[in-house]
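Undergrad: I'd like to ask you about the structure that follows.
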């Protein structure tokens, strides 16, 4: 089990200078905040090479931490991506193969799944969900039933950031909840409400270790960035709808900056692990004006298993304990965060059946990726990656908007040679197709046999 240098340091001080440590019965465990953004494109951060975005606060996390360049979401859509993050299991095994309904009374992720919140709570952590949930809309499957001591936010897939209504499927429905009960804050900007809620939680638990799942409703549609950012991008000739999207991303960055400033104000930034990740690629749906985000050199977007749908920004920052300004090109996966966090926080996960693997050695020592093979599924499409090779079945290219049909029945890519996934090598490399298809079929059968079975 990985032991952080942070804990080693405090153990040394406790032994060598016991008088200094009497107020601390034991070494303080680090706090953890996961900032999970929504529909943020593969390169849509300054530190990922975006030429037209200002994101100083998120970029500062990279300056103070480790940035991944080959990091994958568990799925190219919201609910299964979140299930993979929170359980450390591939979405089909977490019981969330596709999006969960945004209608009250609809269940979601099975309650026998063990979340990061539950794992950390057994290690003495106070836990909070703040923001988007989209993993179940019954009392049992809302956040308070899935390991979170405190919950504030919306249960459906998205809301208007001022009225807090869900407008996109059926009758308009108000969707803002605190501790499982409906609450109202009409006209108040949702990212600001999130920061205020997180700040209050951190103030209450500043003396104890805490975990916050800070799941933003940005830059998911509706694009509702602050007017000053919209003017900023319009004045620089950024085309529509990129102007709308950029304004929302920069506004999102402002509120992430406020969250980090609160850590500084409380004097706990250096003992807080901050993880930033997008849930999947940018949206090209009609309600997102058919675009705005960018996947850079990658093909695809949200809903697609091409790289643009699943390769996402991912950063971990823990000043003075982890490398700073470092870049890791190894493959990582959102299911890896649970075992990585457990390693840093001393949570016992030895009895959990996980798909993720701790990235602690990758982060600290630049060790090789723990992943030989990765799998994704969405609808009737699937993908498997093994080394430089990636095989996709019935892939959809959503780069220019929703599509009705797949690009090809099978699409084989050599990512070492074709990062933009334009050359289909399925016909010229049948043996590789056969090997990868067999890998995926074996995995799929095992995953379906365990679908939704948790460890409680």
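Undergrad: Remind me, relative contact order of the stretch 5-372 in percent, using alpha carbon pairs under 8 angstrom and six or more residues apart?
TA: It comes to 28 percent, rounded to a whole number.
Undergrad: Would you mind classifying the stretch 375-449 by shape? Square roots of the alpha carbon gyration tensor eigenvalues, ordered a ≥ b ≥ c; an a/c under 1.5 is rounded, otherwise it is prolate if a/b is larger than b/c and oblate if not.
TA: Oblate is the answer for the stretch 375-449, as a/c is 1.5 or above yet b/c matches or exceeds a/b.
Undergrad: Let me make sure I get this right: for the stretch 137-210, a, b and c are the square roots of the gyration tensor eigenvalues over alpha carbons, sorted descending. Under 1.5 in a/c it's rounded, otherwise prolate if a/b > b/c, else oblate. Which is it?
TA: oblate
Undergrad: Of all beta bridges DSSP finds with both residues in the chain, what is the antiparallel percent, to the nearest 5?
TA: Of the beta bridges lying entirely in the chain, close to 50 percent run antiparallel.
Undergrad: Is the C-alpha gyration tensor of the stretch 200-254 telling us rounded, prolate or oblate? Criteria: a/c under 1.5 is rounded; beyond that, a/b larger than b/c is prolate, otherwise oblate.
TA: Judged from the Cα gyration tensor, the stretch 200-254 comes out prolate (a/c at least 1.5, a/b above b/c).
Undergrad: Could you list 283, 163 so that the one with the fewest beta carbons within 10 Å of its beta carbon is first and the one with the most is last?
TA: 163, 283
Undergrad: Shifting gears a bit: For the residues 71, 306, 165, what sequence is obtained by ranking on other C-beta atoms within 10 Å, fewest first?
TA: 165, 71, 306
Undergrad: Distance between the C-alpha centers of the stretch 264-283 and the stretch 175-237? Whole Å please.
TA: Spelled out, the Cα-based centre of one part sits 14 Å from the other.
Undergrad: Please rank 142, 155, fewest neighbouring Cβ atoms within 10 Å first, as an exposure proxy.
TA: 142, 155
Undergrad: Packing-wise, with mean Cβ within 10 Å as the measure, how do 347-357, 244-254, 392-402 rank, highest first?
TA: Highest-to-lowest ranking by the protection proxy: 244-254, 392-402, 347-357.
None of the figures in this text is laboratory data; all of them are computed from the coordinates on show. Keep in mind the model is a prediction, meaning the values are calculated, not measured. A quick note on method: Cβ atoms are made from the backbone with ideal geometry, for glycine too, and the neighbour counts reach across all protein chains shown.
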